[in-house]
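Each remark here refers to the structure printed beneath this line.
The values are calculated or read from the model by the stated rules, or taken from the named source; none is laboratory data. Because the structure is a prediction, the values reported are computed rather than measured. Every residue, glycine as well, gets a Cβ built from its backbone with ideal geometry; the counts of neighbours run over all protein chains shown. For the accessible areas, the whole protein counts, side chains as well, though only heavy atoms, and no ligand, DNA or RNA atoms are used. Shrake-Rupley method; radii C 1.70, N 1.55, O 1.52, S 1.80 Å.
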Amino acid sequence: MQRWWFLEEKDTAANSVTSLSSNVKKTKPLETAGDRKYNFRVLVNYELLKDETIAVTGNCDALGNWEAERCIQMQPENDSENVWCIEINLPQNTAVSYRYLICSIDPSSENVHVRRFETHITPRSVPNDSTTIQETRIDTLGDIEGSVKLDKGWLTTETIIQFKFFNNPFSVKERIKNRLLYVKITPMNLRINAESHHLTSLEESLSNDTRENGIEHQAYAFIELVSFRNPNSLFEQQSQFGCPYHPDDFIVFNVTVAEPENVAYLVDLYAYSSRSTKDDPPYHLGYHYILPNFLKNSEGILELPVTCATKHRPLGMMRIEYLKVTPLLSSTCNLEKSYIRYWNKRWTGLDVGHRGSGTSFKTSEGSVIRENTIASLKKAVAHGADMVEFDVQLSKDLVPVIYHDFDIYVSLKRKTTLETNDMLELPMRELTLEQLKNLKVYHVVEGRNREAKFFDEDLDEHQPFPQLADALELIDPHCGFNIEIKWSQKLKDGRMESDLHFDSNLYVDCILKVVLEKAGSRRIVFSCFDADICTMLRLKQNLYPVMFLTLGVTSRYPSYHDPRCNSIEMAVINACATELLGIVAHTEDLLRDHSQVNLATEKGLIIFCWGDDNNCKDTIKHLKSLEIHAIIYDKMDIYSDKAVKESVFLVGARESQAAILQQIDVENRHEQITHQESLDQSRTMMKADITDVSLGSFCATNSV
């Protein structure tokens, strides 16, 4: 796994990168002659779902060396539902670290899926001198010395299909238009049973035409849902009759499946009769099937008919937006470390350089460096930026490059000339990296104004479109990165910001692979205005935290189709439900209402802020007084009030190094003192021996 985040953490253990393969089968604990036996026991105060089990992993072969596929399954102790245990032979004279996790095993492939796992920075440990089976110690799942951290896992080989209901998605007949509808989704296994030749379902549906009297082969799946109507909602199990949909609601269903190509989804609608009593169940209103070939793309909108459950006639229409999240193949992620929701309490009021040294096409100043270039990033670092924020998108040949706008202007003539009609506007995605490097490319502001601002073709670090990989290698590793993923979104009026043709899973995978390979020990936070991209970033890896960028309530920019991005309240609910690190709020929103900061921080979220309002020393000072964790602004050389132009992470690393050296010095002094005491003791014993010998000789002589 990549070493990341905190040099101040006193952890010098080597980190290995191990690729997970879907073909690797779970192994049993190794038994080596002379190893010590240790009994792992854990109290589970958590309701396990069907197919979920408890497992343990750690830093030795017997515990699977942190690999998810090699974790060791535990068993309930003496038929207890709450205490799980396993006896394992551990290596002698070795400090063993371990974590517990909730996992499930795909019965068809035996692949391990991490459902939840402990994410404390320092894992649990078995004492070096533990030589016997320990019967009395019982750990508590997720709780280490009062600190509870049990976070959602990441995708290893499974897929998550997300179904979203919002913006009044049901159009039904007038007689039931005002009824409160309940939505239920049931995964249906499309594998044909060799004996009965019929479909099987995971859960019983009350639809008589789909209900199975005897389920022989249940589909392997997990169904969880969240309603944003409740600000404290988290993903939870689906109830018997699904979830009620209110006109102002936003409901998300997460369905985890192992074989998405063999699973269909039954959408059932229920409603209560106006004459029903409190204990009466709802009646089955209608249904529709979503077949796997409906979900070929990574995302989309389904317009589906609702079929009456009794008369099997059209009852209306429903609109469902879906997202398919696939695992990142050849991932280097394992269970050794995770920083998906870690933030040091000392990190507050951080200075983050916007696009490096600031936006360069909104100013008329002549000394400005081109934004989102290596030179711009380095300048921000030189003036004390704790982190730099920049935008990443893909070239046509799938190379992650740093650039903000979706469109560019290309000169149709030589680089040394610029005439009124010699430029062509193109989507950036239509050019390969080589074309972006070799062509004379203008920013959209330059192209529309027909006025070039930069003539720096001979300066490599000032060139636009630097690769993300180059930034990771060339920028001081003590400066953190806030990597904003650029993704075109649908606006509220139905227009798209840009017509991107990339598959979103491929898009995110290309960026993640570069970061996982090149990031090293750098502190990295991902962010995006698109809630679905944030979901993908969170579910595809377990190393780097993700923050949800929010537009908020503003007239400066058009609102988005997805309401999760249009207010801090919705953004906070989404960040909590999806288990993100926090949100990046629009400062205009925060200045209008300071209490919105508490909406995030009271739920344990980290909050950054962005916007043109930040480009003022007084505003930056005010935002820091509100205990905003990080402020993103232009011109670090002008607006930063740091006396010492250094990153907080560099200062922390230096303090950590000093503490380590001090500890080494203390240990060396202790060893010297111990050694000297040993020498003094030896000399004393030698003197005593000489005295005894001399006395013995004297006595012998006198005796003669």
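Of note:
- Within this structure, ASP268 fails the test of being closer than 30 Å to LEU626 by Cβ and surrounded by 20 or more Cβ atoms within 10 Å (Cβ to Cβ).
- Only residues that are in a strand (DSSP E or B), touching a Lys or Arg at 6+ places or on another chain (Cβ under 6 Å) and open to solvent by less than 80 Å² (accessible area, probe 1.4 Å) were counted across segment 281-304, and they come to 0.
- Failed item, numbered, when GLY358 is tested on (1) without any contact (Cβ under 8 Å) to a residue 24 or more places away in the chain; (2) open to solvent by less than 20 Å² (accessible area, probe 1.4 Å): (1)
- Members of segment 444-472 found to be at pLDDT below 75 and surrounded by fewer than 16 Cβ atoms within 10 Å (Cβ to Cβ), listed by number: GLU451, PHE455, ASP456, GLU457, ASP458
Residues are listed down the side, and each one gets a yes or a no for (1) open to solvent by less than 10 Å² (accessible area, probe 1.4 Å); (2) over 29 Å from the mean Cα position of the chain (by Cα); (3) within 16 Å of ASP51 (Cα to Cα); (4) modelled with pLDDT of 95 or more:
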| residue | (1), (2), (3), (4) |
| --- | --- |
| MET74 | yes, no, yes, yes |
| SER80 | no, yes, no, no |
| THR94 | no, yes, no, no |
| SER108 | no, no, yes, no |
| ILE138 | no, yes, no, no |
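- The set of residues in segment 306-330 being open to solvent by 10 Å² or more (accessible area, probe 1.4 Å) and part of a loop (DSSP other than H, G, I, E, B) consists of ALA309, THR310, LYS311, HIS312, ARG313, THR326, PRO327, LEU329, SER330.
- Residues considered: ARG564, ARG556, ARG522. Of these, the only one that is farther than 22 Å from TRP343 by Cα and not in a helix (DSSP H, G or I) is ARG556.
- Candidates in segment 140-163 are the residues that are in contact with a Phe, Trp or Tyr (Cβ under 7 Å, 6 or more places away or on another chain), of a type outside the set (A, V, I, L, M, F, W, C) and not in a loop (DSSP other than H, G, I, E, B); of these, the one that is nearest to LEU234 (Cα to Cα) is ASP151.
- Enumeration of residues in segment 514-537 that are more than 13 Å from ILE485 (Cα to Cα) and buried (at least 24 other Cβ atoms within 10 Å of the Cβ): ARG523
- Residue selection: GLU87 satisfies the criterion of being part of a strand (DSSP E or B) and open to solvent by 30 Å² or more (accessible area, probe 1.4 Å).
- Every condition in (1) open to solvent by less than 50 Å² (accessible area, probe 1.4 Å); (2) within 18 Å of the chain's Cα centre (by Cα) holds for ALA630 except the one numbered (2).
- When segment 596-612 is filtered for residues that are part of a helix (DSSP H, G or I) and open to solvent by less than 40 Å² (accessible area, probe 1.4 Å), the ones remaining, listed by number, are GLN596, VAL597, ALA600.
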